[in-house]
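Okay, so here's the structure we're looking at.
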Amino acid sequence: MSIVTVQLGQCGNQIGFEVFDALLRDSQSSHGLCCKRENEAYQASCKERFFSEEENGVPVARAVLVDMEPKVINQTLSKAAQSGRWKYGQHACFCQKQGSGNNWAYGYSVHGPRHEESIMNLIRKEVEKCDSFSGFFIIMSMAGGTGSGIGAFVTQNLQDQYSNSLKMNQIIWPYGTGEVIVQNYNSILTLSHLYRSSDALLVHENDAVHKICAKLMNIKQISFSDINQVLAHQLGSVFQPTYSAESSFHYRRNPLGDLMEHLVPHPEFKMLSVRNVPHMSENSLAYSTFTWAGLLKHLRQMLISNAKMEEGIDWHVRPPSSGLPSLGKKSLNKDLHFNTSIANLVILRGKDVQSADVEGFKDPALYTSWLEPVNAFNVWKTQRAFSKYEKSAVLVSNSQFLVKPLDMIVGKAWNMFASKAYIHQYTKFGIEEEDFLDSFTSLEQVVASYCNL
């Protein structure tokens, strides 16, 4: 089944390009460590999901590009065409000459309604090209004006017009130190609106990805391109094909639907994170060997201690013993920063994958009491290696990982709002103080729900 990607704003378009490039580069690579027939099935499955075929044999991304300034879209189109491997559709872009000035209200209340028909028409045409349509993957940031404001507006429209299709928003969490003075306002407005109209929010924190570039990839001068390549690697390792069942060698048809089914059992809990092992530079990889036991031990402890990468994991954090009364369990969580999960999905790719033991992820102590581990944990596998790694493991998790950053962003926004700072920039485009208060209320409820797991 096919997925239509909607790339919004500068951030969404730059990441979108890296994702498609990573997917195709991986599916065409020869070191997949599997037989020719299996490799061909893997390639065909990847293409059906993310690309449609052109007459001249160049795959075309199933994507719609939206930005209010032409520069980034023009760069993205030409980079894709220059790759020679794939390209974007000729009529898949919408851009204007004037941006949103980092103002969520301008993107949501002015640009959104003004260009609604043109953008939704492009999306409809892309959906009509799919023989079998799975849903939307929407890439956007939260801090600026176009990605966040128009992103929230477009997602709401998709919910209205395609209510039976799945919508997953991949959102980039801004740097804690700040990129834009009003980023906390933009973020809370984006999140509260997406919580109403999206089925799942796949969150990447800029600070965490920056650390991966610095510490694991050993990059000295980190650019947005480096950060986007790490994101694309993580997303590719989630969305590339895997077998549909333990004993089957057929590839999964509906990855978006399966992800949602496994990971979002309740509409109050929609926040998903991605962690992957290993992640390293080409130079380090040449001297490294991996075992499934080692990779999974690291991945499990990353989950428990809420570590974003392999380096600096806190090995002292332990799950509370299952026999404890719930009160004791809660206080232990607070003391040791134990990260309680609602649901987890582990995706394994590479050599001897059938021998990997994932029993450690089935421990009831890892999960909230209202979901049995048998329903809360799933594993997907394929012998086909991903990218340059002989063995790799990815964890997609619905857990308490975002409680602290979310609480912090809501707190910072509230402090500004209490002193009425910059509010006039939003009210002049129709976003009233009540809208802010609604956003605060809804996100405080999300924080409380996750805290009470």
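The values are calculated or read from the model by the stated rules, or taken from the named source; none is laboratory data. Remember, it's a predicted structure, so these values are computed and weren't measured experimentally. No Cβ is skipped: glycine too gets one built from the backbone with ideal geometry, and neighbour counts run over all protein chains shown. When the accessible area is computed, the model is the full protein with side chains, heavy atoms only, and any ligands, DNA or RNA have been set aside. Shrake-Rupley method; radii C 1.70, N 1.55, O 1.52, S 1.80 Å.
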* Lys pairs in the stretch 332-453, Cα-Cα under 16 Å, at least 8 apart or on separate chains: how many? -> 8
* Report the local net charge at residue 301: Lys and Arg +1, Asp and Glu -1, summed over other residues whose C-beta lies under 14 Å from its C-beta. => +1
* Seen from all sides and averaged, what is the projected area of the convex hull of the Cα atoms in the stretch 404-452, in nm²? -> 3.4 nm²
* To do: For residue 64, enumerate residues with amide H under 5 Å from its amide H, sequence gap 5+ or separate chain, H modeled in the peptide plane.
  => 5, 6, 7
* Structure fact -> Taking Lys and Arg as +1 and Asp and Glu as -1, residues besides residue 61 with C-beta under 15 Å from its C-beta add up to +2
* Return P(r) of the stretch 2-274 (all Cα-Cα pairs; 5 Å bins starting at 0; whole %; ordered from short to long distances). => 1, 6, 13, 18, 20, 18, 13, 7, 3, 1, 0
* **Residue-span extension gain [residue 54 to residue 363] - 0.36 nm each, minus C-alpha spacing** => 106.4 nm
* **For residue 205, distant residues with modelled amide H under 5 Å away** => 173
* **Under-19-angstrom lysine pairs by C-alpha in the stretch 2-274, whenever the two are 8 or more apart or on separate chains** => 14
* Apportionment of accessible area to carbon and sulfur, the stretch 2-274, percent (1.4 Å) -> 47 percent
* Cα centroid of the stretch 110-174 to Cα centroid of the stretch 11-68, whole Å -> 21 Å
* At 0.36 nm per residue, minus the direct Cα-Cα distance, what do residue 445 and residue 291 gain on full extension? Give it in nm, one decimal, please. => 51.3 nm
* **Structure-based [θ]222 nm, the chain - -39500 (n - 2.57) summed over DSSP H runs of at least 4, per residue, nearest 500** => -13500 deg cm²/dmol
* Structure fact -> Phi-derived 3J(HN,Hα) across the stretch 120-133 with the Karplus relation (6.51, -1.76, 1.60, θ = phi - 60°), rounded Hz, x for Gly and Pro, is 5, 5, 4, 5, 4, 4, 5, 5, 5, 6, 7, 5, 9, 9
* Asked: Simple spin-label model, 7 Å along Cα-to-Cβ: residue 28 to residue 130 in nm?
  -> 2.4 nm
